[in-house]
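What follows draws every value from the coordinates through simple rules; no lab data is involved. The structure displayed is predicted, hence computed values, not measured ones. As a convention, Cβ positions derive from the backbone with ideal geometry for all residues, glycine included, and neighbour counts pool all protein chains shown.
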Amino acid sequence: MNKYLLSFLLFFVISGVALAHQPRLVGDDLVIKVEDPEISKAYYGTLKGEPAIYIIQSNEPFNFYLDLLVPDVEGVNKNVFLEVVGSNGWAWTSFASSLTWEKFHEPFTGDDYWVHKQLDRDAEAGTYTITVYSSNNEDKYALAIGKTESFPLNEIWHTIKVLPELKTDFFEKSILTSYMNVIGLFMLAAIGFVALIIYGVKKLFF
């Protein structure tokens with residue numbers, strides 16, 4: 001066991017998770033400030049009687065990428081929409097007649113979505129307000145912002161922590177499914193590797 005093997009293992013752990021968005025659980029927040037809008041993040045929320053507002057403030061031009069998703073669960077309402085307004089006067093709205101939903105399976109967490117590709121364009125510096133709303137403002141949604149993949153170690157740990165809540169509250173699955181996926185396999189490999197290191201150290205020095 002050496003540092004090269006450890007680096008090799010960490011590479012696979014990080015690269016596997018990096019294909020997903022950084023997860024953010026919205027909770028009861030109605031106004032969410034989006035940091036680093038080009039970094040890929042997914043905001044998971046449930047509308048609670050009124051729209052959710054996301055605010056992007058950028059001092060420089062950036063790639064404006066949005067995906068709108070809903071969980072592929074029984075009885076899901078896909079009448080969820082977006083409205084974007086920029087401080088420069090630019091505006092965009094998704095209309096029911098233009099929504100085309102496609103099924104999407106996320107292999108690393110093992111979850112299924114309905115996804116509607118929304119925006120992918122260059123945006124000027126300024127403030128942008130994204131409004132998420134539905135026909136009754138009581139529905140689940142996920143808003144993916146940014147497409148630059150970035151998963152430092154603190155984000156990997158954050159993902160591991162929030163997966164149980166995400167599975168139970170958003171996808172209505174058993175908590176036992178939290179790590180029954182590719183991420184769980186990476187975690188198991190990492191734990192096994194650490195156990196082997198500890199065993200090797202004990203054999204050498206004790």
Notebook entry, point to check: Taking the alpha carbon gyration tensor of the range 106-170, what are the square roots of 5 times its eigenvalues, largest first, to the nearest whole Å?
Noted result: 24, 20, 12
Item checked: Over 24 Å between alpha carbons, listed pairs K103/K167; K33/K117; K41/K78; K117/K140; K161/K203; K48/K147 -> K161/K203; K48/K147
Next item on the list: Sticking with the crude label model, points 7 Å out along Cα→Cβ, report the distance from I53 to T131 in nm, one decimal please.
Entry: 1.0
Checklist line | Three semi-axes of the equivalent ellipsoid, the range 50-114, Cα gyration tensor, whole Å, largest first | finding: 26, 16, 11
